[in-house]
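The values are calculated or read from the model by the stated rules, or taken from the named source; none is laboratory data. What you are looking at is a predicted structure, and each value in this text was computed from that prediction instead of being measured. No Cβ is skipped: glycine too gets one built from the backbone with ideal geometry, and neighbour counts run over all protein chains shown.
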Amino acid sequence: MINLFQLLPNISHLKVEIFFIELDGYQWKQITVNYLPQLKVFQMKMNTDLCHSIDNQRNEEKIDQFLATYRTPFWIEHHQWFIGCHWGLWMENIMMFVYSLPYKFGDSLIYEDQLLDKTKSTCPNV
(Lines give C-alpha, C1' and ligand atoms only; values in the text may rest on other atoms or scores of the structure.)
Protein backbone atom coordinates (compact mmCIF):
# COMPACT_ATOMS: atom_id res chain seq x y z
CA MET A 1 0.00 0.00 0.00
CA ILE A 2 2.86 2.38 0.83
CA ASN A 3 4.37 1.74 -2.61
CA LEU A 4 1.09 2.84 -4.21
CA PHE A 5 0.84 5.96 -2.05
CA GLN A 6 4.41 6.92 -2.96
CA LEU A 7 3.25 7.11 -6.59
CA LEU A 8 0.31 9.38 -5.73
CA PRO A 9 1.65 12.34 -3.72
CA ASN A 10 -0.75 14.83 -5.32
CA ILE A 11 -4.08 13.12 -4.64
CA SER A 12 -6.55 15.20 -2.67
CA HIS A 13 -9.26 12.55 -2.17
CA LEU A 14 -8.71 9.02 -0.88
CA LYS A 15 -11.35 6.34 -0.41
CA VAL A 16 -9.93 3.04 0.83
CA GLU A 17 -11.38 -0.22 2.14
CA ILE A 18 -9.06 -2.52 4.09
CA PHE A 19 -9.57 -6.05 5.40
CA PHE A 20 -7.54 -7.61 8.23
CA ILE A 21 -4.87 -4.93 8.38
CA GLU A 22 -5.02 -2.80 11.51
CA LEU A 23 -3.84 0.78 11.05
CA ASP A 24 -4.25 3.12 13.99
CA GLY A 25 -4.48 6.90 13.85
CA TYR A 26 -0.74 7.35 14.34
CA GLN A 27 0.06 5.06 11.40
CA TRP A 28 -2.49 6.78 9.13
CA LYS A 29 -1.06 10.17 10.15
CA GLN A 30 2.45 9.02 9.16
CA ILE A 31 1.18 7.74 5.81
CA THR A 32 -0.67 10.99 5.16
CA VAL A 33 2.18 13.30 6.18
CA ASN A 34 4.89 11.29 4.39
CA TYR A 35 3.12 10.22 1.21
CA LEU A 36 -0.17 12.11 0.77
CA PRO A 37 0.57 15.73 1.69
CA GLN A 38 -2.22 17.13 -0.52
CA LEU A 39 -4.95 14.94 0.97
CA LYS A 40 -8.11 16.88 1.87
CA VAL A 41 -10.85 14.22 1.84
CA PHE A 42 -10.20 10.92 3.63
CA GLN A 43 -12.73 8.09 3.51
CA MET A 44 -11.68 4.83 5.12
CA LYS A 45 -13.26 1.53 6.10
CA MET A 46 -11.32 -1.19 7.94
CA ASN A 47 -12.51 -4.60 9.11
CA THR A 48 -10.06 -6.30 11.46
CA ASP A 49 -9.47 -8.22 14.68
CA LEU A 50 -8.11 -6.00 17.44
CA CYS A 51 -6.97 -8.69 19.88
CA HIS A 52 -8.01 -11.76 21.82
CA SER A 53 -10.89 -10.99 24.16
CA ILE A 54 -10.03 -10.81 27.86
CA ASP A 55 -13.20 -9.49 29.49
CA ASN A 56 -15.85 -6.91 28.63
CA GLN A 57 -14.30 -4.08 30.63
CA ARG A 58 -10.81 -4.73 29.25
CA ASN A 59 -12.24 -5.05 25.73
CA GLU A 60 -13.74 -1.57 25.97
CA GLU A 61 -10.44 -0.21 27.29
CA LYS A 62 -8.67 -1.67 24.22
CA ILE A 63 -11.19 0.00 21.91
CA ASP A 64 -10.76 3.31 23.78
CA GLN A 65 -6.96 3.05 23.44
CA PHE A 66 -7.30 2.36 19.72
CA LEU A 67 -9.72 5.26 19.16
CA ALA A 68 -7.48 7.60 21.18
CA THR A 69 -4.97 7.39 18.32
CA TYR A 70 -7.62 9.13 16.17
CA ARG A 71 -8.38 11.80 18.81
CA THR A 72 -5.25 13.86 18.24
CA PRO A 73 -5.03 17.45 16.95
CA PHE A 74 -4.00 16.08 13.54
CA TRP A 75 -7.36 14.32 13.18
CA ILE A 76 -9.75 16.54 15.11
CA GLU A 77 -8.41 20.08 14.76
CA HIS A 78 -6.30 20.18 11.58
CA HIS A 79 -8.45 18.01 9.32
CA GLN A 80 -11.75 17.55 11.17
CA TRP A 81 -11.66 13.87 10.19
CA PHE A 82 -13.74 11.78 12.57
CA ILE A 83 -13.74 8.02 13.03
CA GLY A 84 -16.49 5.62 14.08
CA CYS A 85 -16.06 2.08 15.35
CA HIS A 86 -18.45 -0.87 15.73
CA TRP A 87 -17.10 -3.82 17.64
CA GLY A 88 -18.06 -7.04 19.32
CA LEU A 89 -16.82 -10.51 20.04
CA TRP A 90 -16.35 -13.09 17.32
CA MET A 91 -14.62 -16.41 18.01
CA GLU A 92 -13.06 -15.03 21.23
CA ASN A 93 -11.52 -12.05 19.42
CA ILE A 94 -12.54 -8.41 19.37
CA MET A 95 -13.72 -7.85 15.81
CA MET A 96 -13.97 -4.22 14.82
CA PHE A 97 -15.27 -2.24 11.91
CA VAL A 98 -13.58 1.19 11.78
CA TYR A 99 -14.75 3.86 9.35
CA SER A 100 -14.51 7.55 8.60
CA LEU A 101 -17.48 9.82 9.31
CA PRO A 102 -19.70 10.58 7.62
CA TYR A 103 -19.97 7.02 6.32
CA LYS A 104 -19.69 7.14 2.50
CA PHE A 105 -19.70 3.48 1.47
CA GLY A 106 -22.55 1.73 -0.31
CA ASP A 107 -23.05 -1.12 2.12
CA SER A 108 -24.82 -1.03 5.45
CA LEU A 109 -23.17 -0.49 8.82
CA ILE A 110 -24.88 -3.71 9.99
CA TYR A 111 -22.08 -6.27 9.96
CA GLU A 112 -21.88 -10.03 10.46
CA ASP A 113 -25.55 -10.31 11.45
CA GLN A 114 -25.08 -7.60 14.08
CA LEU A 115 -22.28 -9.40 15.97
CA LEU A 116 -20.61 -6.01 16.28
CA ASP A 117 -23.07 -4.58 18.75
CA LYS A 118 -21.15 -1.72 20.38
CA THR A 119 -20.37 1.67 18.84
CA LYS A 120 -18.05 4.57 19.63
CA SER A 121 -16.86 7.61 17.75
CA THR A 122 -14.22 10.34 17.88
CA CYS A 123 -16.86 12.88 16.90
CA PRO A 124 -17.56 15.06 19.95
CA ASN A 125 -21.31 15.37 19.24
CA VAL A 126 -22.01 11.66 18.75
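Condition first: under 9 Å from residue 122 (Cβ atoms) and in contact with a strand residue (DSSP E or B) (Cβ under 8 Å, 6 or more places away or on another chain). Now tell me which residues in the range 63-93 satisfy that.
67, 70, 75, 76, 81, 82, 83, 84, 85
Can you find a residue in the range 65-85 that is on the phi < 0 side of the Ramachandran plot, among the β-branched types (Val, Ile, Thr) and modelled with pLDDT under 85?
Within the range 65-85, none of the residues are on the phi < 0 side of the Ramachandran plot, among the β-branched types (Val, Ile, Thr) and modelled with pLDDT under 85.
Tally the residues that are under 19 Å from residue 74 (Cα atoms) and touching a residue at least 40 places away in the same chain (Cβ under 8 Å), restricting the search to the range 1-21.
1
Among the residues of the range 26-40, is there at least one that is loosely packed, with under 12 Cβ neighbours inside 10 Å and at pLDDT below 85?
Checking the range 26-40: not a single residue is loosely packed, with under 12 Cβ neighbours inside 10 Å and at pLDDT below 85.
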